[in-house]
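What follows draws every value from the coordinates through simple rules; no lab data is involved. The structure displayed is predicted, hence computed values, not measured ones. Cβ coordinates were reconstructed from backbone atoms using ideal geometry, including for glycine residues, and neighbour counts include every protein chain displayed.
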Ligand SMILES: C[S@@+](CC[C@H](N)C(=O)[O-])C[C@H]1O[C@@H](n2cnc3c(N)ncnc32)[C@H](O)[C@@H]1O
C-alpha cells in the first residue's frame, strides 16, 4: 500500500486550488462549529489539509494546533496564514492523526474534517481522540459517507472503481464506506454523545457533519 503522505503530497497543490464543494454549506458548518467554541479553549484539528478551516476557527479559541500527515499540505497551510495576526496563529505541524496527541494534554475541542474515512483504524483513532478531549469537550467532524450513496448499483460501482483507482495512484490508499448510522454509532461507542448532526453538503454521497460531546 502506498504511504498516505505520498498520495496527499502529490495532490496538495491542486487540492489547495479547488473551490469548496458548496460554499454556503461550508460557511454554515463553520458557524455552527464556532458557536460551540469559547475564548479559553485549547483546540486541535487532525488531517487539517491546507489549513483554511483551522485559520478560520482560530480567533474563537485560545490556542489552535493543526496537524496533517502530508508535509506539502502543512507547507501550504503555513503559507496561508502569513497575513494572520500574530496572536491568532495556528500551530501547524506534520503528524499522522493518531500521533497528533501528546500524553497529558487535554483539548476542549478536536476537529476532523473529511478524515475518518481515510484512516486505517478509525475506531483506534476515535479512542485516542476520546482520551484527549476533556469531559464535556467536543469532537467535531465531517465525513463523506460513501456507504450511504442512494442506489445499490452506485455503491457497487464505487467499490469496484476505488480499488482500481488506488492501483494507479488516483485514489487515497485507504477509503472506507461508512453508513451514517455506522459512523454515528462508532463516535458514540468511543465515549461521545451526538449533540448536532446533518448532511453538509447533502449531495451524493452525503458529507455528514457531527458535533459530539465527550461523556464524563
Ligand atoms: C480530504 S482531505 C481534507 C483536508 C481538510 N481537513 C479539509 O477539510 O479540507 C484529507 C486530509 O487528510 C490527510 N490525511 C490522510 N490520512 C491521514 C492520516 N492517517 N493522518 C493524518 N492526516 C491524514 C491528508 O493529507 C489530507 O490533507
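Counting beta carbons within 10 Å around each of 55, 46 and listing the fewest first gives the order 55, 46.
Take every pair of alpha-carbon atoms less than 8 Å apart whose residues are at least six positions apart; their mean separation over the length of the range 22-69 yields a relative contact order of 41 percent. Gain on full extension, evaluated as 0.36 nm per residue between residue 157 and residue 38 minus their Cα-Cα distance, stands at 38.5 nm.
Taking every alpha-carbon pair in the chain and binning the separations at 5 Å intervals from zero gives 1, 7, 15, 19, 22, 18, 11, 5, 2, 0, 0 percent. When only alpha carbons are used to place a centre, the range 61-94 and the range 102-167 end up 21 Å from one another.
Note on the range 86-182: percent of Cα-Cα distances in each 5 Å bin, starting at 0 and stopping at the bin with the largest distance, equals 3, 11, 17, 20, 17, 12, 9, 7, 3, 1, 0. Mean residue ellipticity at 222 nm, helices only, the chain: -11500 deg cm²/dmol; runs of at least 4 DSSP H residues each add -39,500 (n - 2.57), and the sum is divided by the number of residues.
Relative contact order of the chain, taken over Cα pairs closer than 8 Å and 6 or more residues apart, is 20 percent.
How would you rank 75, 103, 18, going from fewest to most other Cβ atoms within 10 Å of each one's own Cβ?
Details: 75 17, 103 6, 18 9.
Ranked by crowding around the Cβ, least crowded first: 103, 18, 75.
When each of 93, 8 is scored by the number of other beta-carbon atoms lying within 10 Å, the sequence from fewest to most is 93, 8.
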